[in-house]
Structures are given as C-alpha cells and as structure tokens.
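I have placed the structure first, in the form of structure tokens, so that the comments after it can refer back to it.
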Amino acid sequence: AQSVTQLGSHVSVSEGALVLLRCNYSSSVPPYLFWYVQYPNQGLQLLLKYTTGATLVKGINGFEAEFKKSETSFHLTKPSAHMSDAAEYFCADRGSSASKIIFGSGTRLSIRP
Amino acid sequence: NAGVMQNPRHLVRRRGQEARLRCSPMKGHSHVYWYRQLPEEGLKFMVYLQKENIIDESGMPKERFSAEFPKEGPSILRIQQVVRGDSAAYFCASSPNSESGLFFGSGTQLSVL
C-alpha cells in the first residue's frame with residue numbers, strides 16, 4: 001500500500017543551523033511529492049512540490065527539497081533556521097492514486113534561540 | 001481571490017447529534033478533498049469529490065459519514081449521531097487538478113461532548 005514515512009516526529013535545531021526533515025515514499029509509480037507546513041490552529045500551506053523535471057525543488061521561505069529516486073526520498077532542507085520556521089511539517093505523495101494525496105505523520109520543528 | 005473557506009471554525013455537538021461541516025473551494029477549483037486530523041497525528045484522507053460526484057471515499061467510515069459537492073453551493077461533510085471519537089479537526093482542501101497540490105482551509109474543530 002502507498003505510504004509516506006517521516007523519520008523523527010520532533011526535530012530541534014538552533015537558530016541559524018541547518019534544517020533537515022526526512023521523508024521517504026513507497027509508491028511504485030512516478031510520485032508527485034509535496035511538503036506542507038502547518039502553524040498552530042491553521043490549515044496546511046504548500047511549501048514546494050515535485051512533479052517532473054528538475055530533482056532539486058525550491059520552495060517558499062528558503063526551503064528546498066531533493067527528489068532521489070534511488071533512495072525513494074524527498075528530504076526537506078533549509079540552510080539556516082529562523083525562529084519563525086517553528087511549525088509542523090508534512091510530506092505527502094500522490095503516487096499511484098490520482099484520486100488522493102497521502103500524508104506522512106508529520107515532523108514538529110522546534111528552533112532553539 | 002479568497003482561499004478555501006471552511007465554516008464553522010469550531011463546532012460543539014452532544015453525542016447523538018448531527019454535525020455539518022461546510023467547505024467552499026477556491027474559485028476555479030473543481031476538486032475537493034476532506035481530511036481528518038487527530039492530535040499528534042497526521043492527516044487521514046477521507047473523501048475526494050468533484051462537482052456532483054464522489055470520486056474516492058475509501059477513507060470514509062462506512063456508517064454515519066457522508067459527503068457531497070453539489071453543482072451549486074459548498075461541499076458538505078455530514079456526520080450523523082456523533083460520538084466522542086469523532087472529535088477532531090476536519091480539513092477541506094481544493095485543487096484545480098490532481099498535479100498542482102492542495103490548498104487547505106483553516107479547518108473545523110469538532111468537539112463532541
């Protein structure tokens with residue numbers, strides 16, 4: 001069954017440090033991959049997406065993600081964390097089903113001053 | 001261009017009552033999705049609709065839950081005879097097509113007393 005796995009339910013980094021949030025997908029067909037961010041008491045906002053073409057995708061707020069087919073991964077990175085990046089981050093995959101997008105369980109990102 | 005509008009933001013029901021959650025997609029979007037989010041969990045897919053059609057309801061409980069997206073008006077998620085376990089945040093999302101990612105509303109927090 002199609003699934004999205006996010007390693008680490010909680011990640012804490014210092015302000016200015018590298019942010020790395022991990023995501024692996026399992027769909028056997030070319031995936032359409034997404035990263036979303038959720039701030040408290042709000043809906044999800046699209047950070048970036050990969051459909052086809054360039055495997056390094058740049059998104060909003062300085063985030064980027066790289067699609068690696070050999071590793072079935074789509075990890076999210078940001079070179080320098082800011083306090084405003086503290087939020088919940090969700091990886092998602094459309095995968096083999098065009099009718100629904102499957103979400104990972106989320107990673108809560110905390111930023112230490 | 002208004003985003004995805006969900007109402008009410010908060011809904012309190014007693015056990016056995018009915019809950020109706022409304023979602024108006026973004027202008028020009030004909031795809032609507034409903035997700036449920038429990039505390040400390042990711043989003044669970046419930047149903048995917050296009051105008052007047054249910055495309056995929058594989059995530060919907062077989063009993064008490066129903067959804068519609070009429071030709072005119074918002075999409076409605078209806079929960080009959082609510083139980084405490086139905087308490088959750090329900091998010092609606094819309095999309096112009098299956099490749100562009102989802103645009104989320106702010107959600108409806110359902111509390112069942």
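Quick notes
- B:His29, sole failed condition from (1) assigned to a strand (DSSP E or B); (2) surrounded by 16 or more Cβ atoms within 10 Å (Cβ to Cβ): (1)
- Which listed residue is open to solvent by 50 Å² or more (accessible area, probe 1.4 Å) and either out of contact with any helix residue (DSSP H, G or I) (no Cβ under 6 Å at 6 or more places or on another chain) or among the small types (Gly, Ala, Ser) (or both), from B:Pro39, B:Pro70: B:Pro39
- Restricting segment B:42-57 to residues that are assigned to a loop (DSSP other than H, G, I, E, B) and closer than 18 Å to B:Pro96 by Cα, the residue that is most open to solvent (accessible area, probe 1.4 Å) is B:Glu52.
- Restricting attention to segment A:85-113 and to residues that are more than 14 Å from chain B (Cβ to nearest Cβ) and open to solvent by 70 Å² or more (accessible area, probe 1.4 Å), the residue that is nearest to A:Gln2 (Cα to Cα) turns out to be A:Arg112.
- Qualifying positions in segment A:37-61 - facing another protein chain (nearest Cβ under 8 Å) and assigned to a strand (DSSP E or B): A:Leu44, A:Gln45, A:Leu46, A:Lys49
For (1) within 11 Å of chain A (Cβ to nearest Cβ); (2) at pLDDT below 90, each residue gets a yes or a no:
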position	(1), (2)
B:Gln37	yes, no
B:Gly42	yes, yes
B:Lys51	no, yes
B:Arg78	no, no
B:Val82	no, no
B:Ser87	no, no
B:Asn97	yes, yes
B:Leu110	no, no
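- Answer residue from segment B:8-26, given it is of a type outside the set (D, E, K, R) and open to solvent by 70 Å² or more (accessible area, probe 1.4 Å) and is farthest from A:Leu46 (Cα to Cα) among those: B:Gln17
The values are calculated or read from the model by the stated rules, or taken from the named source; none is laboratory data. All values reported here derive from a predicted model rather than from experimental measurement. Glycine also receives a Cβ, built like all others from the backbone with ideal geometry; neighbour counts cover every protein chain displayed. Heavy atoms of the whole protein, side chains included, go into the accessibility calculation; ligands, DNA and RNA do not. Shrake-Rupley method; radii C 1.70, N 1.55, O 1.52, S 1.80 Å.
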